[in-house]
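Take a look at the structure set out below.
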Amino acid sequence: MFISVYVSVVLQNSTREYDKFYDYIVPENLYDFIQPGIRVLVPFGKGSSLREAFVMEIKESSGFTGLKKISQVIDETPVLSPELIELSKYMRKRYVCTYDMAIRCMLPTGLGLLFREEVILLSQKTTELNKDEQEVVSILLENGSKLSVEQLQQIINKPVRKVLNKLKEKQLIKTKNHIQMKAKAKTVKVACPKMEEEEFFELVQNNQVRSLNYIRIMEMLYEEEGIPVTELNALGFSYNTINNMKKKGYITLSELTVERTPFEDIDIPETEPMHPTPCQKNALDIICRYLETGKFQEILLHGVTGSGKTEVYMQAIAKIIEKGKNAILLVPEIGLTPQTVRQFKGRFGDRVAVLHSRLSIGERYDQWHRIKNGEIRVVIGARSAVFAPLENIGMIIIDEEHETSYKSDRTPKYDARGIAAFRCRFNNALLVYGSATPSIENYYRAKTGKIKLVEMLERTNKQPLPEIITVDMRVEADKGSRNGFSSILVHELAKNKEAGEQSIIFINRRGYSNFLLCRNCGFILLCPYCSVSLTYHQVEQRLVCHYCSYVTVKPSTCPACKSNNIDAYGIGTQKVEEQIPSIFPDMSVIRMDIDTTAGKHGHEKILDTFRNNKIDVMVGTQMIAKGHDFPDVTLVGILSADSLLGSGDYKASERTFQLITQAAGRAGRAEKQGRVVLQTFNPDNFSIQSAIKQDYKEFYRQEIELRKELKLPPFYQLGLIQVSSKNKDLAMKIAGEIHSDIIKNKDLNTHVFISDPAPSPLVKLRNQYRWRIILKHQKIKNLTNILEWIFDTYNSGKREWTISVDINPYNMI
């Protein structure tokens, strides 16, 4: 007996307006291949053009008539598990995105399809054809009666879709679709320099190259000789940028065999579990006790720097594997060092997979495929690894859980902690948050009994936490210090050099100097596309915007008053790197920031050089402040410790405390006592005082009182609506209209605090003017309902503005 089978699918690349379930009939010959989570091709719209879609449900009936049939099944097995299908539904509502945006977070780029539509000539008849139709037929005849649509369009140099549809109606042509997965190709495009290095940098010097991205790519290519385009994409460089560079004659693109393993160059010796300290054993006992319940539970592991949290993680994961379950460990992107990979690969061998943004498309696809096939028991990775297709999850660990990088700043603006909680709840698994400086929100939940608090307050080496020496830079300025180094820091660096020990200098600013200032008229050179000053980079001798990558050469005279009295002021990593040898000529220095770690193995090369070549000093931004373990580092110098305090962000004090504590934690992790020189202009600020005492509980006590008084998280949830437009007045107008609509909607705005529309602190970004509205309510659901309504109402149709929304944003700038 014939039984009709229907599926509900969601379309790839759809807007919110069209983002819903669409029903299709399953042809009888495809019955055995259809499963939830599989990809299909379906005819969509009036022209029935084929669209990629995901099967969300299979059912025996549909409430719709006149349904079309599925055209093709793409996958042999589902790419989405039932768990991930449910997660996509949750994300669509919670983070105000489309199903496709949520699903794209879960699948590797290499799984994407490459479509090629081929045009085949059926008849050479050219009578009763218009000029455009005759041209298409002639070109097909000249090319063996067969061309792809892309090739045809390139030859004609104008859109051909309407002409092809007319020729189809006249039965003169037919089209055939070919598809393949991106990762199945055995070659990858590689960018190589075409222009000689001297010739290119002469253009830069003459201000003929005005894109920082072009310069960065060429610097890497001259060093590496060739880099796969996919790796450049993973580093944030778009296809448009790369193609434009090819057109300008800077680079060539060629095909090269893809390398698939991310572990090829990593030496990984086997390791055995270490005997736990009393603190570690107590933490492990509690974790194991919670694991035995087989229920969803959460633990906050508050362990001071150097207390051995990583060993606790590994031994807890071993227990999970013994129980036949699997685990995910999330670490911040900047903390995902070869050191971490070696530790876990050494303990768990080939059962470990690694997922992060610096893997090539092929590597990421192969890692994903091994996880999906059940070959992997432990997944380690940055934020996106929370979506790994791992089944039977027993535990997810989020290391450095306070890190802002766990929150995505692009739609969908998900928080990896929220995704981890969803997956642990679905699997009845244990969720462990680990940090030396927990987020205020999670520590509050622990102190109020919502999650379990486990403390590890002693270092494994039995050494006390490093001594912190505070330097009031106001006094140093009065003494005439102008180079950013206090006399105490200079003295301590000299002591370390004499003792043969290593030092780290932490400053949370890239570049050479913060801004360019004319001392005659006070003019500061700003980015033309963002409301920020340009940062001077001495090595490249150019001014750079760290927000939009605009670049220009340093002017010799003031653009405003034509004075010669214009120079760079402030201090960044490049300037610190330059100044150390001028103070200590025999001291070796290495720098680690985003400018020196751009290549695929950039982090690894610098860290190994510092560790193995016994470099005296490493200078860097926050990427050196967390997760690293250097036995010979006994001194950490923290410059501009209070740089975040004036940012206007409600989390400024929390981040200041966290950065100081984490940076200080790099000192004295082996046998020798560590010490920290902390330079500040605000020594009396409570967050800095608490960091000096290394007293998290005192910091929490004061910060939580402020949050309660100001109705901030964890007591209230925040919603952010941001309007962006190239037209300044239009951005202000639309923000006003949105505010008015929310005020009028009494069904949604009950007990919601609604701020007046106001310019964002960074009012202009990437040539877009930005206005914002902030909402507060005790429940996220109430905020989500408003944000979803506003987003769908104001983002539909053609418009000269964009609306972005976010829940509990980590950056209020």
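Among the residues of the range 543-576, what is the count of those that are open to solvent by 30 Å² or more (accessible area, probe 1.4 Å) and touching a Pro at 6+ places or on another chain (Cβ under 8 Å)?
The number of residues fulfilling the criteria is 1.
Are any residues in the range 766-783 under 27 Å from GLU800 (Cβ atoms) and touching a residue at least 60 places away in the same chain (Cβ under 8 Å), and if so, which ones?
ARG766, ASN767, LEU783 - these are the residues of the range 766-783 that are under 27 Å from GLU800 (Cβ atoms) and touching a residue at least 60 places away in the same chain (Cβ under 8 Å).
Hey, LYS345 hits all of (1) touching a Cys at 6+ places or on another chain (Cβ under 9 Å); (2) assigned to a helix (DSSP H, G or I) but one; which does it fall short on?
Just one mismatch for LYS345, condition (1).
Mind checking which residues of the range 653-697 are in a helix (DSSP H, G or I), over 20 Å from THR634 (Cβ atoms) and open to solvent by less than 10 Å² (accessible area, probe 1.4 Å)?
GLU654, THR656, PHE657, SER687, ILE688, SER690
Going through THR340, THR305, THR310 one at a time, which residue ends up being open to solvent by less than 40 Å² (accessible area, probe 1.4 Å), at pLDDT below 95 and touching an Asp or Glu at 6+ places or on another chain (Cβ under 9 Å)?
Exactly one of THR340, THR305, THR310 is open to solvent by less than 40 Å² (accessible area, probe 1.4 Å), at pLDDT below 95 and touching an Asp or Glu at 6+ places or on another chain (Cβ under 9 Å), namely THR340.
From the set of residues in the range 660-701 that are among the aromatic types (Phe, Trp, Tyr) and at pLDDT 90 or above, which is farthest from the chain's Cα centre (by Cα)?
The first filter runs over the range 660-701 and keeps only residues among the aromatic types (Phe, Trp, Tyr), leaving 681, 686, 696, 699-700.
In the following step, the residues that additionally are at pLDDT 90 or above were identified as 686, 696, 699-700.
Details: PHE686: 31, TYR696: 28, PHE699: 29, TYR700: 28 Å.
The extreme case among them is PHE686.
Considering only the range 281-301, how many residues are in contact with a helix residue (DSSP H, G or I) (Cβ under 8 Å, 6 or more places away or on another chain) and either assigned to a helix (DSSP H, G or I) or open to solvent by 10 Å² or more (accessible area, probe 1.4 Å) (or both)? Before you say what the answer is, go through the steps one by one.
First, pick out the residues of the range 281-301 that are in contact with a helix residue (DSSP H, G or I) (Cβ under 8 Å, 6 or more places away or on another chain): 283-284, 287-288, 291, 296-301.
With either assigned to a helix (DSSP H, G or I) or open to solvent by 10 Å² or more (accessible area, probe 1.4 Å) (or both) added as a condition, the list becomes 283-284, 287-288, 291, 296-298.
The number of residues fulfilling the criteria is 8.
Just need a number here: residues in the range 15-40 that are touching a residue at least 60 places away in the same chain (Cβ under 8 Å), in contact with a Phe, Trp or Tyr (Cβ under 8 Å, 6 or more places away or on another chain) and assigned to a loop (DSSP other than H, G, I, E, B).
Looking only at that region, the number is 1.
If we keep just the residues of the range 348-359 that are assigned to a helix (DSSP H, G or I) and among the charged types (D, E, K, R), which is least open to solvent (accessible area, probe 1.4 Å)?
Out of the qualifying residues, it is ARG351.
Could you tell me whether the range 137-159 includes any residue that is of a type in the set (Ser, Thr, Tyr) and within 22 Å of SER49 (Cα to Cα)?
Yes; the residues of the range 137-159 include at least one that is of a type in the set (Ser, Thr, Tyr) and within 22 Å of SER49 (Cα to Cα).
Given (1) over 18 Å from ASN29 (Cα atoms); (2) out of contact with any Ser or Thr (no Cβ under 7 Å at 6 or more places or on another chain); (3) modelled with pLDDT under 95, identify the lone condition not met by LEU50.
(2)
Would you please name the residue that is surrounded by the most Cβ atoms within 10 Å (Cβ to Cβ), looking only at residues in the range 107-145 that are within 30 Å of ALA234 (Cα to Cα) and modelled with pLDDT of 85 or more?
Per the criteria, the residue is PRO108.
Mind listing just one residue for me: the one in the range 171-188 that is at pLDDT below 85 and open to solvent by 60 Å² or more (accessible area, probe 1.4 Å) and, of those, nearest to ALA234 (Cα to Cα)?
Top of the filtered list is LYS182.
Write out, first by first residue and then by second, each pair whose Cβ atoms fall under 8 Å of each other, whose residues are 6+ apart or on separate chains, and whose first residue, in the range 511-527, is free of Cβ contacts under 8 Å to residues at least 24 places away in the same chain while the second is in a strand (DSSP E or B) and of a type in the set (Gly, Ala, Ser).
ILE524/SER533; LEU526/SER533; CYS527/SER533
Here's a check for you: in the range 747-795, which residue that is among the polar types (S, T, N, Q) and part of a helix (DSSP H, G or I) is most open to solvent (accessible area, probe 1.4 Å)?
So, considering only residues that are among the polar types (S, T, N, Q) and part of a helix (DSSP H, G or I), the one most open to solvent (accessible area, probe 1.4 Å) is THR793.
Only one of these is closer than 30 Å to PRO555 by Cα and aliphatic (A, V, I, L, M): LEU172, LEU212, LEU147. Name it. Quick ask: steps written out before the conclusion?
On the way: LEU172 fails: closer than 30 Å to PRO555 by Cα; LEU147 fails: closer than 30 Å to PRO555 by Cα.
Just a single option satisfies the conditions, and that option is LEU212.
Could you grab me the full set of residues in the range 210-242 that are part of a loop (DSSP other than H, G, I, E, B), buried (at least 21 other Cβ atoms within 10 Å of the Cβ) and in contact (Cβ under 8 Å) with a residue 40 or more places away in the chain? Explain how you work it out, then say what you get.
Going through the range 210-242, the residues part of a loop (DSSP other than H, G, I, E, B) turn out to be 210, 225-226, 235-238.
Okay, now just the ones that are also buried (at least 21 other Cβ atoms within 10 Å of the Cβ), so 237.
Passing the criteria: none in range.
Looking at the range 280-294, I want the residues that are of a type in the set (S, T, N, Q) and have a partner that is surrounded by 13 or more Cβ atoms within 10 Å (Cβ to Cβ) and part of a helix (DSSP H, G or I) with Cβ atoms under 9 Å, at least 6 apart or on another chain. Which pairs are those?
Short answer, once both residue conditions are applied: GLN280/LYS309; GLN280/GLU311; GLN280/VAL312; GLN280/GLN315.
For the range 1-14: of the residues being in a loop (DSSP other than H, G, I, E, B) and open to solvent by less than 50 Å² (accessible area, probe 1.4 Å), which is farthest from LYS372 (Cα to Cα)?
Filtering first and then ranking leaves SER4.
From SER582, SER640, grab the single residue that is open to solvent by 20 Å² or more (accessible area, probe 1.4 Å), small (Gly, Ala, Ser), more than 23 Å from GLU671 (Cβ to Cβ) and in contact with a helix residue (DSSP H, G or I) (Cβ under 9 Å, 6 or more places away or on another chain). Even if it seems obvious, please write down each step before you answer.
Values: SER582 fails: in contact with a helix residue (DSSP H, G or I) (Cβ under 9 Å, 6 or more places away or on another chain).
None of the others qualify; the one that does is SER640.
Quick check on the range 163-179. Is at least one of its residues among the hydrophobic types (A, V, I, L, M, F, W, C), in contact (Cβ under 8 Å) with a residue 40 or more places away in the chain and assigned to a strand (DSSP E or B)?
Taking every residue of the range 163-179 in turn, at least one turns out to be among the hydrophobic types (A, V, I, L, M, F, W, C), in contact (Cβ under 8 Å) with a residue 40 or more places away in the chain and assigned to a strand (DSSP E or B).
What pairs come out if I take residues in the range 358-384 that are without any contact (Cβ under 8 Å) to a residue 60 or more places away in the chain and pair them with residues that are open to solvent by 30 Å² or more (accessible area, probe 1.4 Å) and small (Gly, Ala, Ser) whose C-beta lies under 7 Å away, six or more apart or interchain?
From residues that are without any contact (Cβ under 8 Å) to a residue 60 or more places away in the chain, the pairs are ALA382/SER357; ARG383/SER405.
Among the residues of the range 707-746, which ones are surrounded by fewer than 16 Cβ atoms within 10 Å (Cβ to Cβ) and closer than 24 Å to ASP415 by Cα?
Those that are surrounded by fewer than 16 Cβ atoms within 10 Å (Cβ to Cβ) and closer than 24 Å to ASP415 by Cα: LYS708, LEU710, LYS711, PHE715.
Just the residues that are under 25 Å from the mean Cα position of the chain (by Cα) and of a type outside the set (A, V, I, L, M, F, W, C), please, taken from the range 530-577.
Result: SER531, SER533, THR535, HIS537, HIS546, TYR547, SER549, TYR550, GLY572, THR573, GLN574.
Answer yes or no: is there a residue in the range 601-623 that is at pLDDT 90 or above, closer than 29 Å to ILE688 by Cα and polar (S, T, N, Q).
For the range 601-623, residues at pLDDT 90 or above, closer than 29 Å to ILE688 by Cα and polar (S, T, N, Q): absent.
Need the failing condition index for PRO389 against (1) within 27 Å of SER81 (Cα to Cα); (2) modelled with pLDDT under 95; (3) surrounded by 21 or more Cβ atoms within 10 Å (Cβ to Cβ); (4) not polar (S, T, N, Q), just the number.
(2)
The values are calculated or read from the model by the stated rules, or taken from the named source; none is laboratory data. Since the structure is predicted, the reported quantities are computational estimates derived from the model, not experimental observations. Counting neighbours? That spans all protein chains shown, and the Cβs are built from the backbone with ideal geometry, glycine included. For the accessible areas, the whole protein counts, side chains as well, though only heavy atoms, and no ligand, DNA or RNA atoms are used. Shrake-Rupley method; radii C 1.70, N 1.55, O 1.52, S 1.80 Å.
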